[in-house]
1. Taking the simple approach of a point 7 Å from Cα along Cα-to-Cβ for both A:Glu237 and B:Tyr209, what is their distance in nm?
2. Taking all protein chains together and a probe of 1.4 Å, list B:Lys8, B:Lys268 from the most accessible to the least accessible.
3. Exactly which GluC sites (Glu not before Pro) in the range B:114-209 are in a DSSP loop and have at most 11 other Cβ atoms within 10 Å?
4. Could you tell me how far the Cα centroid of the range A:311-330 sits from the Cα centroid of the range A:145-187, in Å?
5. Give the shape of the range B:238-280 as rounded, prolate or oblate, defined through the alpha-carbon gyration tensor: a ≥ b ≥ c are the square roots of its eigenvalues, a/c under 1.5 means rounded, and otherwise the shape is prolate if a/b is larger than b/c and oblate if not.
6. Based on the alpha-carbon gyration tensor of the range B:155-281 and its eigenvalue square roots a ≥ b ≥ c, which shape applies: rounded if a/c is under 1.5, prolate if not and a/b is larger than b/c, or oblate?
7. What figure, in Å² to the nearest 10, do you get for the accessible area of A:Asp402 with a 1.4 Å probe and non-protein molecules left out?
8. Return the FRET efficiency for the residue pair B:Arg162, A:Asn218: r is the Cβ-Cβ distance, R0 is 41 Å, and the value is rounded to the nearest 0.05.
Amino acid sequence: MTPVINDKQTSSIRQNHTCFKMITDYDLQGEDDGAVQIPNSETEFINAKTYLQMASANTGDNLYDHLTEVLNKILAERPENVIDFFEEYSRKVKERRFKPMTDHLEDMYVPPGRFDLANKMLLLLKPLPPSEPSTVDPDDLELADMSKNNMLELLYYLEHCGIGLPRTEMFFVMLSIRKLIHTEPIAHIRFWGKIFGTLKDYLVVECELKEEEYIKRNESYQDQVEPPISVEENQAEDSRIRKALDAIAKQQQLYGEGKTGKYPRDLPTAPKIQYEEAPEAPAEPSGVGINKKVYYVCNGVGDPWIQLPDATPKQIRVARQIYKSFTGNLEEPICTYPEFPGKEREFLRAQIARISAGTQICPLGYYTFGAAEMGEGEEEEEPEEAAGGETKTSYKPNPKYDPPPLKDLLDGSVSFWVHTAAYILPQGRTNWWNPSPMPDVNDEEMDEELGEEEEQEEQEKPKAERMEPETGPPLLTPLSEDASVEAVPPWSVRCSSGIIDNFAMAVVRSNLWPGAYCFSTQGKIFQNIYLGYGLKYMEHNFSPLPLPPVQQEYPIGPEILEMTDPSGADEEKWRIDHLPKPKEVVLAGEEAEPEEAGEEEEEEEDED
Amino acid sequence: MNLNSILKSLDSCGYFGHILSTEEGIVLHNSLLILQNENHFRQIFFWGKILGVEKDYYIAYGYSRDILYGKVYYYSRNCTDWGLLPKPTKNGLVLTPLCTSKFQGDPSLVIDVLIDKDEILIPGKRKQPELRKLKEEDRLASTVYQIMDEAGVVPRGALFRRPDGIVVENSSFEGLSTLEAREIKSFLHFRPPTRKQNSNLLTRDDFNYAMDFLDPLDIDLPEGCWIIQITPAEDMAIVKSIHWPGLLSYHFCKTPKHGFIYFGHGKKSLDAPFMLSPFCM
């Protein structure tokens, strides 16, 4: 384009020139220059345009085209207050131009981000495969009841309470639960909640397995409870160390390292570890206590459900002492002090057990202890079952349930809500295990834990005697009995609506486990849900357990005490005190030697 | 969270579990518009909810000229009657981190804050522990200020500094790409910059004077205190701070939609070093 314009320019100048000639008809020197200098709007315009069209030496672009493009974009898009963002527009147009024209990657099709998800979802959306024809009567097959697992209905209620998960996620949970009950021996299933992690989150469902499955799992339980006592192993280890020490001593003799002393000395025995690990309470069998329910987790939409292992009392106890965020990876090691027995999988299970025990509630009267369960005094004969007040472990829906009115449910004292999950004792079990065969209960440790106990901690009596069984509040205790920890009231109650009373719901929120909610529609429908980080609220910030005091390697005695060397005067005194009686001099030849030496020294000193 | 997304809070903050309930959403959607009209705000935003024992506080803010420096906060306990949140006082800012109790829900409540003899947060020598009074309203103001100062987040490019120094929303912001959204550098602190302009600019190769004037998130310690999650559908980035559990910033990738919301007890978590794995970061 540029050369064309230049041609035009020159031609127009030439034209002007000829005009002048025609009119004036006389020729002056420098007339040509004068003609060019006369201001002329057209010329100026052309000059300016030429300047603007000069290509940049770096990029080959020119401002004229750029401005045209920017103005074109602005006029096409007509944004508001464009002057404020003019630079931005200009930059964007430029950026677009600099995209290489020969982008070979452009031809590659990059699937949209949701592609993977769509694939996973489609799998779930397919109808379930027809079950293989089996000899079992379809009525006996008894799949878990899905009627209470309408997640979208649940979401509707949750939305009214101000909590909720994205609709796709809830739909996924519903679809995958439907699939899960066909593949796993589940008798009852419920959506438990979500735990947030740093990388990924966990969706959790809570299940009760079928009776046969529990029996199958507990077949090997008795073996696990009584692990072989490894006293012999310890002895073998002891003798091995002893031998090694002897060998070192012998070597020192042989290679002359023992020259410093006249007599080969035995190395001192290896120090004994006085710390005895307290007897570990056995885990509760599947289907009982903290392991009453089985939990499945998955990382998110489309991922498979993974069953969590049963929790052990130790895991529960250590989980109370540490403060650690979840990552979203079940195999992540938990690097804490005290050492947590297990990986994130076990930690997650322990936290779920603690949260469930602390926050699962229902309106008063919904559940009742069955009449058959009331008189279970006989079991107390067995020492292991002798946890008073813990005999009632099961309840069933009350047929004569009369839903409490909303006003009562919203009462600030929360006395119309009761706990439905068994309280976990400081020991880490729901019913107390008597460690009587070994009298050294770790009393101090348990006392320490009392301070950091669940909200019912005032229920715990300080240990007056060693064998005082730990007790907790029984099942179906009203929430109003919960002690407030460090002046934090454990529960807050809210009404979902301040305007329409007829359809309002009561929402109970735990202040100790932020994220734990229970709602109830006028007492008829209720549901517990947890949506949080899986960590307990702490009034003051977390401080880790201090390390135990360093143990003494050897009993304190003259052998290991550092003392001042005897002075000359001391030695003299000793000598005089121990002067042999004349008769015994002959007999005690060995003792004479040092004495003689002493005398010699003294003589030397005297000479000095 | 701006006014239009209040009704769709399930889509944005549902990933966090806490949303505005149906009724709250509808009430806020209307009452905030009226508040905006009364104060002639150019834009009004819902800030979040601080959970109290008896009552909860709802917080909103608006601006009329400058979105960064000209924010005006309002609070309410029932979503309809809004009161001006006072500016954080010096006393409040000093005492708030020492408060361990929960908010009660009564702004006129005066609580006693115990200052230990050897408290290092407050300068000055004390011979014995000292009790100071703090009104809950002031505590609320300081808490909001602190949360915004430490954990407010905007995606890079969403704010634009005009040549006259006024910060406005960038109307030509097209959103971060999914790839950019995975990078912590692409998110900036929504607070007056604390570092020199040069050092903020030079953190990027493709710096832009109008956008990179804010502090990027990656200057914060310890490493890993910011959590960025991309939703499975790869259409939204969620940024959370481990120091302020409850604050959620979201950004719909490739759209200008972004915002943040707070649902929590208004307590900073100082346990981040314990919560992160020591060796496995």
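1. Here the answer is 7.2 nm between the modelled labels.
2. B:Lys8, B:Lys268
3. B:Glu174
4. 27 Å
5. Here the range B:238-280 falls in the oblate category.
6. prolate
7. 120 Å²
8. Working: r = 72 Å, r/R0 = 1.75.
The pair B:Arg162/A:Asn218 has a calculated efficiency of 0.05.
The values are calculated or read from the model by the stated rules, or taken from the named source; none is laboratory data. If you're wondering where the values come from, they're calculated on a predicted model, not measured in any experiment. A quick note on method: Cβ atoms are made from the backbone with ideal geometry, for glycine too, and the neighbour counts reach across all protein chains shown. Note: areas computed on protein heavy atoms with side chains; ligands, DNA, RNA excluded. Shrake-Rupley method; radii C 1.70, N 1.55, O 1.52, S 1.80 Å.
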